[in-house]
1. Run down 84, 91 and say which single residue is modelled with pLDDT of 95 or more, buried (at least 16 other Cβ atoms within 10 Å of the Cβ), not in a helix (DSSP H, G or I) and not aliphatic (A, V, I, L, M).
2. Kindly provide the set of residues from segment 68-81 that are open to solvent by less than 10 Å² (accessible area, probe 1.4 Å) and either β-branched (Val, Ile, Thr) or assigned to a helix (DSSP H, G or I) (or both), ordered by number.
3. Scan segment 3-22 for residues that are hydroxyl-bearing (Ser, Thr, Tyr), open to solvent by 90 Å² or more (accessible area, probe 1.4 Å) and under 19 Å from residue 473 (Cβ atoms) and report the count.
4. What are the pairs, 6+ residues apart or on separate chains, where a residue within segment 168-180 that is assigned to a loop (DSSP other than H, G, I, E, B) has its Cβ under 8 Å from a residue that is among the basic types (Lys, Arg) and open to solvent by 60 Å² or more (accessible area, probe 1.4 Å)?
5. Could you please give the count of residues in segment 319-331 that are in contact with a helix residue (DSSP H, G or I) (Cβ under 6 Å, 6 or more places away or on another chain), under 16 Å from residue 276 (Cα atoms) and hydrophobic (A, V, I, L, M, F, W, C)?
6. Do we find a residue being closer than 27 Å to residue 161 by Cβ, assigned to a helix (DSSP H, G or I) and either hydrophobic (A, V, I, L, M, F, W, C) or open to solvent by less than 10 Å² (accessible area, probe 1.4 Å) (or both) anywhere in segment 227-244?
7. Residue 556 is checked against (1) surrounded by fewer than 17 Cβ atoms within 10 Å (Cβ to Cβ); (2) farther than 30 Å from residue 461 by Cα and fails just one. What number does that condition carry?
8. On the given criteria, is residue 453 modelled with pLDDT of 95 or more, open to solvent by 10 Å² or more (accessible area, probe 1.4 Å), among the hydroxyl-bearing types (Ser, Thr, Tyr) and farther than 23 Å from residue 370 by Cα?
Amino acid sequence: MNTYPDLILYNGRITTLDPKYPEAANLAIKDGRIVGVDDAEDYQSGPDTKTIDLKGRRVIPGLNDSHLHLIRGGLNYNLELRWDGVPSLADALRMLKLQAERTPAPQWVRVVGSWSEFQFAERRMPTLDEINAAAPDTPVFILHLYCRALLNRAALKACGYTRDTPNPPGGEIQRDKNGEPTGLLIARPNAMILYATLAKGPKLPPEYQYNSSRQFMRELNRLGITSCIDAGGGFQNYPDDYEIVRQLHDRGELTVRIAYNLFTQKPKEEKDDFARWMRMTKPGEGDPFFRMNGAGEMLVFSAADFEDFLEPRPDLSPNMESELQEVVTMLASNRWPFRLHATYDESITRFLDVFEQVNREAPLHDLHWFLDHCETISDRNLERLRALGGGIAVQHRMAFQGEYFVDRYGAKAAERTPPIRRMLEMGIPVGAGTDATRVANYNPFNSLYWLVSGRTLGGLELYPEQNRLSREEALRLYTSGSAWFSGEQEEKGILSAGRYADLVVLTDDYFQISEERIRDLESTLTIVDGKPVYATGDFQELAPPTLPVMPDWSPVARFGGYGAPDYQRLAAPLGHNHTTTCGGYDKPGLSGLWGSGCDCFAF
């Protein structure tokens, strides 16, 4: 029997998150699991044993996003132009123009959320005139949070939106004084108009969706993600829209471990959806790379407390309780874990009323059920949730919407949105994540920065010190904390003997750099199941083979992913000379940006 390790990592600063042995210098790995911590010298290297000198770098357990829409995001990743991480609106609009020029008909240019105007040096939204100037002929759809979407004239034409188009039940088409659509779609009272309009765009063919999903996972690996819990999504039908990721799994090409929840698709037919899926699958079915995790985050449409802090809090339907109780009773009776989108304390009160009723008939303890988001949950409802054995998955949505929340509800109310410190004090399971890709971005280091600093992308300080986390606490939520939500807390999140060999070698020391620089961290080596899935810099020779982007006109092929790293290399040639009329002079904070740093939108 071969007892040689497959891989030995040495000369590192390894944060294990194991309370019994928190810091190590080396690890031994065999068959995808850790077999030794700080005892690599006790293992004899075999002919196939690989050794990696970590060169003193910080190593952390692989990051686990407990609320990510990876499957849907993967199918569309190659179609989407990314503004997340772009520091100026001027550069964002240049990217839009460049992409519009290379996008063939009938395809669209899509910027599908993950950005905030407060990230831009100009601290403003793009105008419809700017979007039409950048792309006069190619349809453009730009989603801003789940608040609104901006469409250029070509996109209005492609969607068939005219003065005669009525407002749909789930939104508003803004019109000018002549009744013509302006291009602004408003999510009022919910985001259905945004979902439905985005769904009108052309899809990628299956072979490109396959490539797109692989590209997205490689991008997540670049940022240290090794696991996620997929929260389903609107227009993400099971099993049809899971076929690509299932093929990737069957071919051994998943580089992120995925536990997935099933999101109901049909209003008023939710129980039928789950009853059908119960005949097809069950929680835990699969393997450590691809496994079914239960129901949600949508259980019944009447329980959707849509989070748009530009609008008043929505009142849920009076039918919500009866509809939710019917579905949750069926789930709990069949021992299906579930998750539920829950923003406002007023909604959570009603949800917990239902869960307490269900618990009398079908106990919820040990089911690993949980609420997502919980920005305004009260201490009383935290107590009720704890009594039922629930958990809470938190995300950095407030980093994108904090300014809007403060404008509507005040700075005092924002101080515990969500009250993470209180959750931890009460012993409630808490996992961290992003809710990417449509509202917040998928960069976990943005989320870790938010947990530690309490600040929005625009720098607004939301939380007092007592509701911020230490760096180690934040990291625990993103690793061992998230593992609870898929029932894998004994397998993931800690680097100790017997657990999965999923780890990240960072570009800098998470524990030593300044708080602001946490957002700039990336992986220089990501290992999943004991194998390198991403490598660069000192570890470039370990990198998997290059994966060309398909189609070749994809925004990912031109700009890259988060932060548009490939655009940064293009930005210098795109600069121009400022004039006294362009508005590019004397703008504080713009000079260090990628391109000209000019707000005049010149090309």
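The values are calculated or read from the model by the stated rules, or taken from the named source; none is laboratory data. A quick note: this is a predicted structure, and the numbers were derived from the prediction, not measured. When we count neighbours, we look across all protein chains shown, and the Cβ atoms used for this are built from the backbone with ideal geometry, even at glycine. The area values use the complete protein model at the heavy-atom level, side chains included, leaving out ligands, DNA and RNA. Shrake-Rupley method; radii C 1.70, N 1.55, O 1.52, S 1.80 Å.
1. Exactly one residue qualifies, and that residue is 84.
2. Correct list: 70, 71, 73, 74, 77, 78, 79.
3. Of the residues in that region, 1 qualify.
4. 171/188; 178/163; 179/163; 180/163
5. Number of matching residues: 2.
6. Checking segment 227-244: not a single residue is closer than 27 Å to residue 161 by Cβ, assigned to a helix (DSSP H, G or I) and either hydrophobic (A, V, I, L, M, F, W, C) or open to solvent by less than 10 Å² (accessible area, probe 1.4 Å) (or both).
7. Status for residue 556: all satisfied but (1).
8. Spelling it out, it is not the case that residue 453 is modelled with pLDDT of 95 or more, open to solvent by 10 Å² or more (accessible area, probe 1.4 Å), among the hydroxyl-bearing types (Ser, Thr, Tyr) and farther than 23 Å from residue 370 by Cα.
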